[in-house]
Amino acid sequence: MSINELWAHVPDIILTAKLVSALATAGWAVGRLGQRVRRGKSADRTTSTSDRP
């Protein structure tokens, strides 16, 4: 491969890297949100059961 051919692929490489990092960030955010929701639901369940006489 010549230097010119490599330069032609640089935008593709950058775009792919940005896409991968965006997907990774989104996946991490969704995972964090899912953990929080799950934790909140389990907390709600324990409080509602303990509130009952």
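Can you find a residue that is aliphatic (A, V, I, L, M), at pLDDT below 85 and open to solvent by less than 90 Å² (accessible area, probe 1.4 Å) anywhere in the stretch 32-44?
yes
Can you run down the residue pairs with Cβ atoms below 9 Å, 6 or more apart or on separate chains, where the first is in the stretch 1-29 and free of Cβ contacts under 8 Å to residues at least 24 places away in the same chain and the partner is surrounded by 10 or more Cβ atoms within 10 Å (Cβ to Cβ)?
That search, which allows pairs on different chains as well, returns Met1/His9.
The values are calculated or read from the model by the stated rules, or taken from the named source; none is laboratory data. Not measured: the values here are computed from a predicted model. Because the Cβ atoms are built from the backbone with ideal geometry, glycine has one as well, and the counts that use them run over all protein chains shown. For accessibility, only protein heavy atoms count, side chains too; no ligands or nucleic acids. Shrake-Rupley method; radii C 1.70, N 1.55, O 1.52, S 1.80 Å.
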